[in-house]
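The values are calculated or read from the model by the stated rules, or taken from the named source; none is laboratory data. Just so it is clear, the model here is predicted, and its values are computed rather than measured. Cβ atoms come from the backbone with ideal geometry, glycine included; neighbour counts cover every protein chain shown. For the accessible areas, the whole protein counts, side chains as well, though only heavy atoms, and no ligand, DNA or RNA atoms are used. Shrake-Rupley method; radii C 1.70, N 1.55, O 1.52, S 1.80 Å.
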Amino acid sequence: MAFTRRLNILGIESSCDETSVAILSNEEVKANLISSQHFHKAYGGVVPELSSRAHLQIVKPLIDSALTMTNLKLKDINLITATAGPGLIGALLVGLTFAKGLSFSLKKPFIPVNHIEGHIFSGFLMERKPEFPVLVLVVSGGHTLLLLVKSLTEIYKLGTTVDDAAGEAFDKVSKMLGFGYPGGPQIELSASKGDETSIKFPIAELKDQYNFSFSGLKTAVLRYIQTNHPSGNISESDLNNISASFQKALISALMKNVVLALNNYKVKSLSLVGGVAANKKLRNEFENLTEKFNVSFIIPSLEYCSDNAAMIALRGYQLYQTGFVGNLNAKPYPSIPENHFLKLN
Ligand code: KG4
Ligand code: ZN
């Protein structure tokens, strides 16, 4: 009888303002530690140099804690993975270099992982897994992508944003309304008390039908505020109405493309991933599609929606299983390389 050994996989994520270390036993998460750099709030955005320094300080203690939690020693780790990009180069360098150093000294294989691929497959961390082909919407602070995923190695890009990411639009509108960062949760809360039909904000019509654009919507909110509240004083009920109407428009723009893709491609599962997947209205809209299109809906739990190393370790393990061989020359990269994903003709 074939004996299949379980592998202990170490994952390191340091692409932006979260340092995360995870240990998986095959696909099972044993530890997923996340340290968030809240201090960037004071600057209104992530300061790259401060981010790198903070990653450097915390990455080793996080690895030590993950090993203690799982009762493992470094020598028990069989595979080492880290995010190589996209992200802030200085931040990525910390996790990537640490992982490569461990791989070299422990003589264990190393797999560099694309952060977006980590998000795409994060639904596979759940007990109920997506089935191929799966339609995936990635919505985070930095990315908005609609993908048709046919297997572990066949990822087709249907559309992406031509300007702001969905989370970025939430954050920018939040700032206009005087809420703090991150904006998504605060807009969602304010929206829950408002009337989403009170203001008609526009949804962009694009030539490339699966693409997204949110800068027009953002400008429309700004114009509305300037025209209707020139003094800058906005009552709570007006704030709630603006939040609700903005949220409705943004979610409608996302759903329009998702529904179009479901009509054009037969899929078995639907998955919603990334930080904006925390939004309850967006989740409900996805739930509402499952019956009509006869698909299962897989959404990662909240700790796997925002940036985390469990998804990086899982993706590294998947690549390792498909025969991918990483090497220690892997370099960090700031954005998704053109042609990284497949294109449908
Ligand atoms: O994936 P994530 O944690 O970080 C990266 O960008 O990689 O996503 C963060 C984004 C922020 O823009 C935040 O405003 C948004 O996710 N977000 C939400 C909600 N919770 C977080 N957007 C809408 N509704 C939410 N409940
Ligand atoms: Zn992310």
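Rolling a 1.4 Å probe over the heavy atoms of the protein chains gives the chain an accessible area of 46 Å² per residue. Using the alpha-carbon positions of the stretch 40-157, Rg (one decimal) and Dmax (whole number) come out as 16.6, 43 Å. What residues qualify as long-range amide H neighbours of S296, i.e. H under 5 Å apart, gap of 5 or more or another chain, H built at 1.01 Å from N? So S296 has HN proximity to S269, L270. Averaging 1/r over every pair of different alpha carbons in the stretch 145-271 and inverting the result gives a Kirkwood radius of 15.6 Å. Of the three principal axes defined by the Cα atoms of the stretch 97-160, the extents in descending order read 40, 27, 20 Å. Exposed loop sites here mean GluC sites (Glu not before Pro) with a DSSP loop assignment and at most 14 other beta-carbon atoms within 10 Å; the chain contains its longest site-free run at 206-337.
Positive end of the dipole of the chain (Cβ unit charges, origin at the Cα centre): among S151, N32, L302, the Cα lying farthest that way belongs to S151. Estimated from the Cβ-Cβ distance and a Förster radius of 22 angstrom, the FRET efficiency linking K150 and K292 is about 0.50. Sorted largest first, the principal axis extents computed over the alpha-carbon atoms of the stretch 227-345 equal 59, 38, 32 Å. Only DSSP H runs of four or more residues enter the estimate; each adds -39500 (n - 2.57), and after division by the residues of the chain the mean residue ellipticity at 222 nm equals -13000 deg cm²/dmol. If you fit an axis through the alpha-carbon atoms of helix 89-106 and take the longest principal axis of the Cα set of the chain, what angle between them do you get, 0 to 90°, nearest 10? The answer is roughly 20 degrees. Since only N263, S231, L206 are under comparison, the one whose Cα sits farthest along the positive direction of the charge dipole of the stretch 198-286, derived from C-beta charges on Lys, Arg, Asp and Glu, is N263. Phi angles of the stretch 74-86 translate, via the Karplus equation with coefficients 6.51, -1.76, 1.60 and θ = phi - 60°, into HN-Hα couplings of 3, 5, 7, 6, 9, 8, 10, 10, 7, 6, 9, x, x Hz per residue; Gly and Pro are given as x. Ratio of Rg to Rh for the stretch 304-345: 1.01 [Cα atoms; Kirkwood radius as inverse mean 1/r over pairs]. Overall, the stretch 66-154 carries a charge dipole of about 360 debye about its Cα centre when +1 sits on the Cβ of Lys and Arg and -1 on the Cβ of Asp and Glu, all other atoms neutral.
In plain terms, the chain from M255 to E303 could stretch by 14.9 nm, reckoned as 0.36 nm per residue minus the Cα-Cα distance. In this label model, L106 and E27 are separated by 2.3 nm, measuring between points 7 Å along each Cα→Cβ vector. Annotation note: trypsin sites (Lys or Arg not before Pro) in the stretch 159-261 located in DSSP loop regions with a Cβ neighbour count of at most 14 within 10 Å are K193, K200, K207.
Restriction of the trypsin sites (Lys or Arg not before Pro) in the stretch 56-122 to DSSP coil positions whose beta-carbon has at most 14 other beta-carbons within 10 angstrom yields K73, K107. Heavy-atom surface analysis with a 1.4 Å probe gives the stretch 13-116 a carbon and sulfur content of 60 percent of its accessible area. Note on the stretch 1-93: the alpha carbon radius of gyration divided by the globular reference 2.2 N^0.38 Å gives 1.22. Taken about its Cα centre, the chain carries a charge dipole of about 740 debye when Lys and Arg each add +1 at the Cβ and Asp and Glu each add -1 at the Cβ.
Counting only alpha carbon atoms, the long axis of helix 236-264 and the longest principal axis of the chain meet at about 60°. Note on S231/K281: beta-carbon distance plugged into 1/(1 + (r/R0)^6) with R0 of 25 Å gives a FRET efficiency of 0.25. Along each principal axis, taking the top coordinate minus the bottom one, the Cα set of the stretch 1-43 gives 59, 15, 9 Å in descending order.
Over all pairs of different C-alpha atoms, the stretch 263-321 has a mean inverse distance whose reciprocal, the Kirkwood radius, equals 12.9 Å. Relative contact order of the chain, taken over Cα pairs closer than 8 Å and 6 or more residues apart, is 24 percent. Computed from backbone phi, the HN-Hα couplings of the stretch 171-185 come to 5, 5, 5, 4, 5, 4, 8, x, 8, x, 10, x, x, x, x Hz, rounded to whole numbers (Karplus: 6.51 cos²θ - 1.76 cosθ + 1.60, θ = phi - 60°; Gly and Pro given as x). Distance from the Cα centroid of the stretch 50-102 to that of the stretch 124-189 is 25 Å (rounded to whole angstrom). The alpha-carbon of K129 sits under 17 angstrom from the alpha-carbons of these lysines, leaving out residues fewer than 8 places away in its chain: K150, K268. Computed over the alpha carbons of the stretch 152-211, Rg followed by Dmax gives 15.0, 45 Å. For the stretch 228-287 and the stretch 297-343, compute the distance between their C-alpha centroids and round to whole Å. Centre-to-centre distance over Cα atoms comes out at 26 Å. For the chain, the Kirkwood radius over C-alpha pairs fed into Stokes-Einstein at 20 °C and 1.002 mPa s yields D = 102 µm² per second.
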